[in-house]
Amino acid sequence: MKIIACIKQVPDSEAKVTAADGKVSWGDAPLVINPFDEYAVEGALQQKEATGGTVVVLCVGPESAREALKHALAMGADEAILVSDPALTDLDTVGAARILAAAIKKAEGEMVIFGRQTLDNGAGLTPAQTARVLGWPMLGLAGQIKVEARSVTVERVIEEGRQTVSAKLPAVLSVVQSIGEPRYPSFMGIRKASKATIPVWSLSDIGASAPAAIITRTELLNPPVRETSVEIIAGETPAEIAEKLADKILAEKVL
Amino acid sequence: MKTFVYIDHFKGEVQPASWEALGLAKTFGTTVAVVFGSDANDVAKAAFEYGADEVLHADDAALLDYRAETYASTLSALASSHNPNLILLPTTARTREMAAMSAVDLNTGVLTDVSGLEVSGDSFIATRPIYEGKLLEKTVCSGKPVMATIRGRAFPKPNRDASKSGTVTKVAAKTDAISEVKGYSASESAVNLGDAGIIVSGGRGVSNNPSLTPPAGMDEKQAEIWRAQQGFGLITDLATLLGGAVGASRAAVDGGYITYSHQVGQTGKVVSPDLYIACGVSGAIQHLVGMRNAKVIVAINKDADAPIFKVARYGVVGDLFAIVPALTEALKKKLGK
Ligand SMILES: Cc1cc2nc3c(=O)[nH]c(=O)nc-3n(C[C@H](O)[C@H](O)[C@H](O)COP(=O)(O)OP(=O)(O)OC[C@H]3O[C@@H](n4cnc5c(N)ncnc54)[C@H](O)[C@@H]3O)c2cc1C
Ligand SMILES: Nc1ncnc2c1ncn2[C@@H]1O[C@H](COP(=O)(O)O)[C@@H](O)[C@H]1O
C-alpha cells in the first residue's frame, strides 16, 4: 500500500513571532516540520510496519521546505515529493487542497495522512478539503488507525469521547497526538536523508493550474499586550495563603 | 442579510458556542438555525428559544450519526436552495470538517476560530488567531456564502426565552455516506475545555509528593501514576466545587496521569476561561499558547522562577498538595457550599 503523509514547513514553535511592517517575522528562529505533521509521519510509518507498503511524504511549498521533507525521510519515510512552482503564492486551504489532491493522484496514494492543523495558519481545514476534492472518505482526528482488507478503521478523538469510524480505501485521515510520540531520526536515517534526491513537481507536472485565493488577509496585528505583573500570595501556613488567595479570586468576580 | 447558524450537537447535547453563533447572527439580520439528526427535536425547539427566526431541521435517521460527507452535503444543498449571505458554526471537531467540505462544494472558503466579525459593505471582516495566537489577522472571504466557525466564549451567549417558539421546517437530508460509524465510547469524564468558564489544570508536579505511600507491589512507574492520581483528585475537588473542568499539561498526559482530552496547549485544546488555575505546571510556551487568554490566571508552583508566573495574575510559591486542598476548603466556606 502506498501511504502519503502531507507535511508543511513552519517556524519553530518556540519562535517569537511578531508583526513587523505588515509582515510576519519570526526572527532567526529555524523553519521546521509542522509539529502536528510529525504525528502524520509517525502514523504513516506505524501503518507501514503493520501492513507493509511505502511511505511517501508530500509537501507543497518553497525550495526551503526540502529540509522538512528530509526530516521525515530521516524518521524513516521512503520517498519525498516537493510540489513547488513560482505561480503558487498565497495559497489558502482550498487552494492547497486542490494542489495536494492532484499530487496525491499522480503519486497514486491509497491512504493519505494529514496533521491536525498547521502551526502558522491553524485552520485545520486542508485534510477534509483534500478528501472532498478527491471524493474520498474523511476520517479525521484519529488517535488510532487499523487497516484490514482494503478498509481502514480509526478511533476518532472528539470533544465527547472516542468514536470508531471506518471506510473503504482510498481514504484521507488526519491524526492527533494520541497516535504516539513521533520517532527521532536515526543516525542511519539522517545519512540516508542527506543523500536523497527529492523530486520537485511543478504545476504542469501534476496537471493543475494555480488556484485563485478565496481567503485573503487584509491586516496583521500583534495581539493586545496584557498586563502581566504577578501578585505573589504569601503566608505562614497553607490555610493562611489559601484564605488570602480565595479573597483575591472572589474579588475578581469570575466565579 | 440572511445568516445560517449550524447548531452543532452530539446526541442532542448542544455545543454551547452554537448559541453564541446564533447571538452573533442576530446582530446581522435574519437568523436561520440549521439542525441535523433524528435525535434533535429538542435542539430545534431550543433554537427558537435562543432567538432563531427560522429553524431548518434535517430530521433523518441517515444523519443520526455524524459523518463528514453526509453532513457536508446536506449543508451544501441547504445553502444552495436558501442562499444565505453567511454561514456561522461553532468551532468543533465536527464543524471544521463539514464546513471545510461544504466550502469546496460551494466554491467558497471558511474563516476558522473567529473571535471578531464585522460587516463592511457586502463583505465580512473576521479576526482570527494565527501562529498559535502569537498574532492576529483580519481576513476576508471572496466566495459566497461566507463561512466562519467562531471561537467558543468569544461572543456573548443570548438568553434563553422559553416563551419563544415557532414552526420547525423539515428539510431533506443527503445520504451519500462513504464512511460508517462503528461505535462510541464517552470519555471517562466529559471534558469540554473549550466552553469551560473555569479550568483547574495539573502538570507534572501532581505526581511529586514523596510523602504519599503507594499501595505495596507497585513498580516505580505505577507508583508515580498513583501519586499523580492523588494529585489530580485534589485538582478535581477544586474544579468540581467551582463547577469547572480539569485541564492538564502535556507532561501529565504523556506521563499517563490523565487522558489526552484534558490537554491544554499547542497540541491539545486552546481555552479561554474566566479563571485558569495552573497547579504544578511550569508554563512552557506550548502550554501558554493554549491558556494565556484566560481572564484571570492563578499559578501554584514550587519553583518561584517557573515561567507560568510571567503570565499569572496571582501566584503561590508552594506545594500544590498543601495549597490546593486548602484553597478548596477556603472557597467552600466563603461560597457557603
Ligand atoms: C511540538 C510540541 C508540542 C507541545 N504541545 C504541548 C501542549 O499542547 N500542552 C502542553 O502542556 N505542553 C506541550 N508541549 C510540551 C511542553 O514543551 C512542556 O514539556 C510541558 O508543557 C511541560 O509540562 P509541565 O509543566 O507539566 O511539566 P514540567 O515542565 O516538568 O513542570 C512541572 C512543574 O511542576 C512544579 N512542581 C513540581 N512539584 C510540585 C509540587 N509538589 N507543587 C507545586 N509545583 C510542583 C515544578 O516546579 C515545575 O515547574 C509540547 C512540546 C512540543 C515540542
Ligand atoms: N502546503 C502544504 N503541503 C502539504 N501539506 C499541507 C500543506 N498545508 C497543509 N497541509 C496539511 O494539512 C494539515 C492542516 O493544515 P491547515 O488546514 O492549514 O491547518 C497540515 O497539518 C498538513 O498535514
Karplus-derived 3J(HN,Hα), 6.51/-1.76/1.60, for each residue of segment B:135-146, Hz, glycine and proline x
9, 10, 10, 9, 9, 10, 10, 7, x, 10, x, 6
If packing is taken as the average number of other Cβ atoms within 10 Å across a peptide's residues, how do A:177-187, B:231-241 rank, most packed first?
B:231-241, A:177-187
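DSSP loop trypsin sites (Lys or Arg not before Pro) in segment B:1-86 with at most 16 other Cβ atoms within 10 Å of their Cβ, which ones? Before the final figure, lay out each step's value.
Numbers: sites: B:2, B:11, B:26, B:45, B:67; in loops: B:11, B:67.
Qualifying residues, ordered by number: B:11.
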How much accessible area per residue does segment A:2-201 have, counting only protein heavy atoms and a probe of 1.4 Å, in square angstrom?
38 Å²
If you take every DSSP beta bridge whose two residues both sit in the protein assembly as shown, what share of them, in percent to the nearest 5, is antiparallel?
40 percent
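Can you tell me the FRET efficiency between residue B:337 and residue B:229 if r is taken as the Cβ-Cβ distance and R0 is 22 Å, rounded to the nearest 0.05?
In this case the efficiency is close to 0.35.
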In Å², nearest 100, what accessible area do chains A and B bury in total when the solvent probe is 1.4 Å?
7400 Å²
Taking amide hydrogens as modeled 1.01 Å from N in the peptide plane, which residues meet the under 5 Å criterion relative to residue B:152, leaving out close sequence neighbours?
B:91
Charge dipole magnitude, Cβ of K and R +1, D and E -1 - chain B, Cα centre, debye nearest 20
860 debye
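Considering only protein heavy atoms and a probe of 1.4 Å, how much of the accessible area of chain B is carbon and sulfur, as a whole percent?
Its accessible area is 49 percent carbon and sulfur atoms.
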Loop-resident sites, segment B:147-227, for trypsin sites (Lys or Arg not before Pro), counting at most 16 other Cβ within 10 Å (DSSP):
B:160, B:164
Along the positive direction of the dipole of the protein assembly as shown (beta-carbon charges: Lys, Arg +1; Asp, Glu -1; about the Cα centre), which of B:22, B:179, B:84 reaches farthest?
B:84
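How big is the dipole moment of segment A:2-201 about its Cα centre under a simple scheme where the beta carbon of each Lys and Arg is +1, that of each Asp and Glu is -1, and everything else is neutral? Debye, nearest 20, please. The partial results should precede the final answer.
On the way: 21 positive and 23 negative charges, 125 e Å.
The calculated dipole for segment A:2-201 is roughly 600 debye.
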Nearest-0.05 FRET efficiency for residue A:16 and residue A:252 at R0 = 25 Å, using Cβ-Cβ distance, is 0.30
Residue B:165 paired with residue B:64, simple spin-label distance in nm, labels 7 Å along Cα-to-beta-carbon
2.7 nm
Give me the inter-chain shielding for A:223-234: mean count of other chain Cβ atoms within 10 Å, whole number please.
5
Treating only the Cβ atoms of Lys and Arg (+1) and Asp and Glu (-1) as charged, compute the dipole magnitude of the protein assembly as shown about its Cα centre; round to the nearest 20 debye.
220 debye
Residues of A:86-99, mean number of Cβ from any other protein chain within 10 Å of their own Cβ, rounded to a whole number?
2
Over the whole of B:312-319, what's the average partner chain Cβ count within 10 Å per residue? Rounded to a whole number, please.
6
Under a 5 Å amide H to amide H cut-off, with H placed in plane at 1.01 Å, what residues pair with residue A:156 once short-range neighbours are removed?
A:143, A:163, A:164, A:165
Among B:257, B:282, B:168, whose Cα sits farthest toward the positive end of the charge dipole of chain B (+1 at Cβ of Lys/Arg, -1 at Cβ of Asp/Glu, about the Cα centre)?
B:282
Of the cross-linked pairs B:269/B:310; A:23/B:26; A:23/A:105; B:11/B:138; A:2/A:146; B:26/B:170, which ones have a Cα-Cα span greater than 24 Å in the structure shown?
A:23/B:26; A:23/A:105; B:11/B:138
Karplus ³J(HN,Hα) for segment B:52-66 (6.51 cos²θ - 1.76 cosθ + 1.60, θ = phi - 60°; Hz, whole; x = Gly/Pro) runs 5, 7, 8, 10, 9, 10, 7, 8, 9, 4, 5, 9, 5, 9, 5
Whole-number D in µm² s⁻¹ for segment A:2-201, Kirkwood Cα-pair radius fed into Stokes-Einstein, 4 °C, 1.567 mPa s:
76 µm²/s
Put +1 on the Cβ of each Lys and Arg and -1 on the Cβ of each Asp and Glu in segment A:2-201; which of A:177, A:147, A:39 then has its Cα farthest toward the positive end of the dipole?
A:147
Bridge orientation stat for chain A from DSSP, antiparallel percent rounded to 5, came to 50 percent
For segment B:280-293, take each phi angle, set θ = phi - 60°, evaluate the Karplus expression 6.51 cos²θ - 1.76 cosθ + 1.60, and give the result in whole Hz per residue in order, putting x for glycine and proline.
x, 10, 6, x, 5, 3, 5, 7, 4, 4, x, 9, 6, 8
5 Å is the cut-off here: which amide hydrogens, built 1.01 Å from N in the peptide plane, fall below it relative to residue A:32, excluding neighbours closer than 5 in sequence?
A:10, A:12
Return the lysines within reach of residue B:333: Cα separation strictly under 21 angstrom, same-chain partners fewer than 8 residues apart disregarded; answer none if there are no such residues.
A:244, A:248, A:253
How would you classify the protein assembly as shown from its alpha-carbon gyration tensor, with a ≥ b ≥ c the square roots of the eigenvalues: rounded for a/c under 1.5, else prolate if a/b is greater than b/c, otherwise oblate?
oblate
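The values are calculated or read from the model by the stated rules, or taken from the named source; none is laboratory data. Note that the structure is a prediction, hence the values are computed from the model and not measured. Neighbour counts run over all protein chains shown; Cβ positions are idealised from the backbone, glycine included. To get the accessible areas, we keep the full protein, side chains included, count just its heavy atoms, and leave off ligands, DNA and RNA. Shrake-Rupley method; radii C 1.70, N 1.55, O 1.52, S 1.80 Å.
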